[in-house]
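One structure is given here, and the rest of the page talks about it.
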Protein chains: 2
Amino acid sequence: MADSTAASEGLRTPYPAAEIAAAWQRERPGTPTESIEVVTPIWWLAKLFADDRSRVLREAGIDAATLDLLSVIRRSGPPYTLSTREIAQRTLVTAGAISQRVARAERDGLVRRTPGTTGRRTVEVSLTTDGHALIERSVDAVLGREAALVIDLTAHERNSLIKLLEKLMTGVRRRTGTSQP
Amino acid sequence: MADSTAASEGLRTPYPAAEIAAAWQRERPGTPTESIEVVTPIWWLAKLFADDRSRVLREAGIDAATLDLLSVIRRSGPPYTLSTREIAQRTLVTAGAISQRVARAERDGLVRRTPGTTGRRTVEVSLTTDGHALIERSVDAVLGREAALVIDLTAHERNSLIKLLEKLMTGVRRRTGTSQP
DNA sequence: ACTGCTACGTTTAGACCTAAACATATCTGG
DNA sequence: CCAGATATGTTTAGGTCTAAACGTAGCAGT
């Protein structure tokens, strides 16, 4: 069943995950390949989305890391201010990376850092007028483009996929220890 | 339907994608958020898998980039040799990155570079004894761990997910231009 | 009020990647 | 046979991230 339609030429569907699993079974029978057809497409899709987003953002004059930072602040609503720690929790990167992102964005005049008034030794990061304008300008472009990329799924398929991803994520989280390492 | 079970405390399920979409709708009604619940979980899962894999590999004394390189050569079968170009095609990184990966692996004695005998100005990369031993030692650990991470899905759910991811990837590929930019 | 503990943010060193410039080697068509 | 086009790999410059070391700011207990 793998030999029909032998690849007479290049790779129309370049190296689908099933072929990787089959190759391992051929080379090392018994290799635990059950996960490959789930994990590999997820990685590839993540990269396809990330690369496409980079392209869209380059045209808008902003990069993905900055979009992520400005988005999370914008989304939190007025007064468009979050502490460094809150930002780190809502994002999948380390505190050090947030520090650097904020430093770059501040250098570019997109956010402002102010000593936190509330208790702890926090630092509040808030949007400047420029930062607010930039995120307003970018978010529709990025999300609109991504909506177009997933349009091939029917509403039903989309819902099934969302539910399955949710269940998978719950399991993975539980087994890896839910907090970021 | 979003307000029931208000988050009285921290974030048991930290910032699920649905909340992000809801936040955008609250802040900017009309924002095209249809893709968020699909794209965001895919990114998060990719990162969860990548981080977990890094952890497993650190214990095995190898990094993800090297695993990727040795795997693709090992999987190709005897004589465990591929040209730089073939490796780049089977991997999602640029030719420059492959060049650097091969240089590092060669420095560590895991692969060997030889001028290609067949026609073009190719460079053949082949596994050394050490490289072969290292990949044999690592692959079961990595794939076994990943199989354990996806075990919560039933066979039926797993198949549905695979099919949906395949369909999504096909569409995204077509709309972004199938070859890597 | 001291002393030690914990929370929080920043800095630094190192790894890896991409994009673009290079450097060659191989073909192609007069 | 030669000139340009094409295919391959490598190098370089710049950017971002992580992990770990730091440096302090509040807090708790006595």
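The 3J(HN,Hα) values that the Karplus relation (6.51, -1.76, 1.60; θ = phi - 60°) gives for segment A:97-102 are, in residue order, 5, 4, 4, 6, 4, 5 Hz. Gly and Pro appear as x. With its label point defined 7 Å out from Cα along the Cα-to-Cβ axis, A:A64 lies at 1.2 nm from the matching points of the other copies, in increasing order.
Our helix-only sum for chain B, with -39,500 (n - 2.57) per DSSP H run of n ≥ 4 divided by its residues, gives a mean residue ellipticity at 222 nm of -20000 deg cm²/dmol.
Karplus-derived 3J(HN,Hα) values for segment A:64-78, using 6.51 cos²θ - 1.76 cosθ + 1.60 with θ = phi - 60°, are 4, 5, 5, 4, 4, 5, 5, 4, 5, 6, 4, 5, 6, x, x Hz; glycine and proline are entered as x. Inter-copy label distances for B:G171: 2.4 nm (label point placed 7 Å from Cα along Cα→Cβ; shortest first). For the pair A:I151 and A:D108, label points projected 7 Å from Cα toward Cβ lie 2.9 nm apart.
Pairs of Cα atoms nearer than 8 Å and 6+ residues apart set the relative contact order; for segment B:61-172 it is 24 percent. For chain B, compute Rh as the Kirkwood radius over C-alpha pairs and then the Stokes-Einstein diffusion coefficient at 20 °C and 1.002 mPa s; write the answer in µm²/s, rounded to an integer. Calculated translational D: 108 µm²/s. Near A:L134, once Lys and Arg are set to +1 and Asp and Glu to -1 for all other residues with Cβ below 12 Å from its Cβ, the sum equals -2. Rg/Rh, computed from the Cα trace of the protein assembly as shown with Rh as the Kirkwood radius, has the value 0.99.
For chain B, modelled as a GNM whose springs connect Cα atoms under 10 angstrom apart, the maximal fluctuation among B:A65, B:A21, B:A133 occurs at B:A21. Can you pull a Stokes-Einstein diffusion coefficient for segment A:16-60 at 37 °C (0.692 mPa s), Rh from Kirkwood over Cα pairs, as a whole number of µm²/s? Result for D is 272 µm²/s. For A:S83, the residues whose amide H sits under 5 Å from its own are A:V125, ignoring neighbours fewer than 5 places away on the same chain, with H placed 1.01 Å from N. Measuring from the axis that maps chain A onto chain B, the chain A residue with the nearest beta carbon and its rounded distance in angstrom come out as A:A46, 2. Within the listed set B:L70, B:L153, B:L48, the Gaussian network model of chain B (springs between alpha-carbon atoms below 10 Å) gives the highest mean-square fluctuation for B:L153. Of the trypsin sites (Lys or Arg not before Pro) found in segment A:114-153, those that fall in a DSSP loop while having at most 15 other beta-carbon atoms within 10 Å are A:R120, A:R121. Backbone phi angles across segment A:146-153, fed through the Karplus curve with coefficients 6.51, -1.76 and 1.60 (θ = phi - 60°), yield HN-Hα couplings of 5, 4, 5, 6, 9, 5, 5, 6 Hz in residue order; Gly and Pro are listed as x. Rounded to the nearest 20, the size of the Cβ-charge dipole of the protein assembly as shown about its Cα centre is 620 debye, with Lys and Arg at +1 and Asp and Glu at -1. If you take all other residues with their beta carbon under 15 Å from the beta carbon of A:L153, and give Lys and Arg +1 and Asp and Glu -1, the sum is +1.
Throughout, read-outs are computed from the coordinates displayed, never taken from laboratory work. Predicted model only: the values in this text are computed from it and were never measured. Here Cβ is always computed from backbone atoms with ideal geometry, including for glycine, and neighbour counts include all displayed protein chains.
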